[in-house]
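Worksheet: the structure to be examined is printed underneath.
The values are calculated or read from the model by the stated rules, or taken from the named source; none is laboratory data. All figures in this text were calculated on a predicted structure; none of them were measured in a lab. When we count neighbours, we look across all protein chains shown, and the Cβ atoms used for this are built from the backbone with ideal geometry, even at glycine.
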Amino acid sequence: MAYGPSFGGTSLSGANGTEIEDIKDEVASKVDFSPYLLRSGRALSNSQTGGHRIDIEGVTSGANAATARTNIQAIGKAFVTGASGVLLVNDDRQIDAVCTRFSSTFSKGTAMRLYKWRASLESASPYWEATSDTTVTEAVDEADANPYSISVSNSGDVPVLSTIKVNNTGTVLTNANIKISNATDGRALLFSTVDLPASDGFLYDGETGNFRRISGSAYNSGQLVSIDGSAYYLQPGSNSLTFWSDFSGTWSVEVIHVYRPSFVTL
């Protein structure tokens, strides 16, 4: 398995004469340490249920003993106990973590030119995340079926919240009712009596609950209704969605889903 990892921006593969030999990811029932901020800015409380304990084993070498010692010191600085950062693995999965322990020993018989080391980290985050968002955009207008079918694939292995945008690419739409449903789990969102100015639309952030115009101003929270009273998720695998509206006349919109796949483990 090619790890290609980094922690807190410090490369752990190829740089500083360092290569990773193994990464073990243990899904923990509870991780205990002080609160810290996730990449998204959300704070997680101490002893939150769910989390990960991660052990990284690697080797660091140099052309001579002095260079090897300089290289292992650079790795040790990245893994200072209590240091927090993003652990990136395989260039496609990341998790917010805190270092809890680092140790290193030189390998006998190598004239102190090679060090073996181990770093232990903990994360309060229940899941690993992809390193970038996935965006799915569908153009819909009055000539299309109503409701209109949309397929969105979640490449992760857990349900994820998404940001939904409906961007008006046509003329002004007023007092519009829009329903976006996911037949995969039966959940749906109803956006009631919303105005969509030309070249504008609405944005709903499933994680924060923020409901506003794309241009910035907020809608009334009462204009958004969760049909079954629960959050709107994209399930793992293929999601069969529908977009329904009561628009009349000539109209055109873009229906956009933005989400970040998440994974239980590596």
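Points to keep in mind about this one:
- Qualifying residue in region 212-224 (condition: under 22 Å from Val136 (Cβ atoms) and aromatic (Phe, Trp, Tyr)): no
- Here Asn154 qualifies as polar (S, T, N, Q) and modelled with pLDDT of 90 or more.
- For the residues Val89, Val158, the requirement of being surrounded by fewer than 20 Cβ atoms within 10 Å (Cβ to Cβ) and under 16 Å from Pro261 (Cα atoms) singles out Val158.
- When residues of region 113-158 are limited to those that are part of a strand (DSSP E or B) and among the aromatic types (Phe, Trp, Tyr), the one nearest to the chain's Cα centre (by Cα): Trp128
- Screening Asp200 with (1) over 25 Å from the mean Cα position of the chain (by Cα); (2) within 18 Å of Thr134 (Cβ to Cβ); (3) not β-branched (Val, Ile, Thr) gives one miss only, at (2).
- Condition check for Lys24: over 29 Å from Asp133 (Cα atoms), modelled with pLDDT of 80 or more and part of a strand (DSSP E or B): no
- Yes/no for Thr174 being outside any loop (DSSP other than H, G, I, E, B), loosely packed, with under 13 Cβ neighbours inside 10 Å and either in contact with a Lys or Arg (Cβ under 8 Å, 6 or more places away or on another chain) or without any contact (Cβ under 8 Å) to a residue 60 or more places away in the chain (or both): yes
- Residue that is assigned by TED's automatic domain parsing to the domain that holds Ser240 and part of a strand (DSSP E or B), where the choices are Asp185, Asp195: Asp195
- Residues located in region 159-183, provided they are within 22 Å of the chain's Cα centre (by Cα) and small (Gly, Ala, Ser): Ser162
- Residues in region 63-83 that are at pLDDT below 90 and not in a helix (DSSP H, G or I) were compared, and the one that is nearest to the chain's Cα centre (by Cα) is Ala63.
- Region 27-48 - residue that is surrounded by 15 or more Cβ atoms within 10 Å (Cβ to Cβ) and of a type in the set (A, V, I, L, M) and, of those, modelled with the highest pLDDT: Ala28
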